[in-house]
1. What's the total number of residues in the stretch 169-184 that are out of contact with any Leu (no Cβ under 9 Å at 6 or more places or on another chain) and either within 12 Å of the ligand (Cβ to nearest atom) or open to solvent by less than 10 Å² (accessible area, probe 1.4 Å) (or both)?
2. Would you confirm, using the coordinates I've provided, whether Y208 is crowded, with 16+ Cβ neighbours inside 10 Å and aromatic (F, W, Y)?
3. For the stretch 114-130, which residues satisfy the criterion of being part of a helix (DSSP H, G or I) and either within 16 Å of the ligand (Cβ to nearest atom) or in contact with a helix residue (DSSP H, G or I) (Cβ under 9 Å, 6 or more places away or on another chain) (or both)?
4. Tell me, which residue of the stretch 96-125 that is among the aliphatic types (A, V, I, L, M) and open to solvent by 20 Å² or more (accessible area, probe 1.4 Å) is nearest to L161 (Cα to Cα)?
5. Search the stretch 45-70 for residues being surrounded by 14 or more Cβ atoms within 10 Å (Cβ to Cβ) and over 20 Å from the mean Cα position of the chain (by Cα), and hand back the single one that is farthest from M145 (Cα to Cα).
6. Can you run down the residue pairs with Cβ atoms below 6 Å, 6 or more apart or on separate chains, where the first is in the stretch 150-168 and open to solvent by 50 Å² or more (accessible area, probe 1.4 Å) and the partner is away from the ligand (no atom under 14 Å from the Cβ)?
7. Would you mention how many residues in the stretch 25-49 are small (G, A, S) and in contact with a Phe, Trp or Tyr (Cβ under 7 Å, 6 or more places away or on another chain)?
8. Considering only the stretch 131-168, state which residues are within 12 Å of the ligand (Cβ to nearest atom) and either within 18 Å of L43 (Cβ to Cβ) or outside any helix (DSSP H, G or I) (or both).
Amino acid sequence: MNFSFLARYWPFYLNGAKNTILLAMFSVVLGTAIGLILSLMKLSKHRVPRFIATAYIEFIRGTPLLVQLFIIYYGLQSIGIRFPNVVWLSKLLGISFSDFMAGIVTLGINSGAYVGEIFRAGIQAVDKGQTEAARSLGMSQFMTMRYIVIPQAIRNILPALGNEFVVVIKESSIVSIIGIADLMYRADTVRGNTFQPFEPLIVAAVLYFLMTFPLSKLLAYIERRMRAGDK
Ligand code: ARG
């Protein structure tokens, strides 16, 4: 094992890690917004929004992320649609923003399907008796949701949502395929430059782990704190 390349390449790795974190953060925000809408559609009384949300979720979860990425990146380009290149952001990130955007949009669309189910399951897991009790006390449907159901649903949702963040950080490595300079892409470049097939990737794995492990520890902590009130 020879890690001497790190002396030269560590800023390169750090930049990749920064891009990975940015990518994951934007994607999770987009995914959460999409997921929220999908869950509301799924819980709707009407058939049409329910059907649309179900179709979206099943289709996105039933097709590979890589295929979705290629459809959005190459497919949209081939019909003349490109994401705008925001110059100052490109400069700030040191990468092509329009490519970066394709990555965010794909990961966001993908994650949204999973988040939608997280929200829906979290809300439905709140016992029906809670709603019935609130309603029989004279609370309106909105008040019941706002003061009784949602606060309890949050305890189901938050850990799963955090877990989704961990998943997105890891899955984001796939965007290296379309040339977004994330951590995986950087590691691959170092691998090519140094002719070392092994160590540069180990470094990437360790850096990914350093991102996900504290996050899951934090999640476990929050989960414990939320359960503390149960006893
Ligand atoms: N690796 C999976 C695929 O190729 C993507 C899973 C994404 N999961 C998620 N929770 N966002 O389809």
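The values are calculated or read from the model by the stated rules, or taken from the named source; none is laboratory data. Predicted, not measured: the structure shown is a model, and the values here were computed from it. Don't worry about glycine lacking a Cβ; one is built from the backbone with ideal geometry, like all the others, and counts go over all protein chains shown. Ligands, DNA and RNA are excluded from the accessible area calculation, which covers all protein heavy atoms including side chains. Shrake-Rupley method; radii C 1.70, N 1.55, O 1.52, S 1.80 Å.
1. Of the residues in the stretch 169-184, 1 are out of contact with any Leu (no Cβ under 9 Å at 6 or more places or on another chain) and either within 12 Å of the ligand (Cβ to nearest atom) or open to solvent by less than 10 Å² (accessible area, probe 1.4 Å) (or both).
2. yes
3. Y114, V115, G116, E117, I118, F119, R120, A121, G122, I123, Q124, Q130
4. I118
5. I52
6. Q152/V126; R155/M226; N156/G122; N156/A125
7. 2
8. A160, L161
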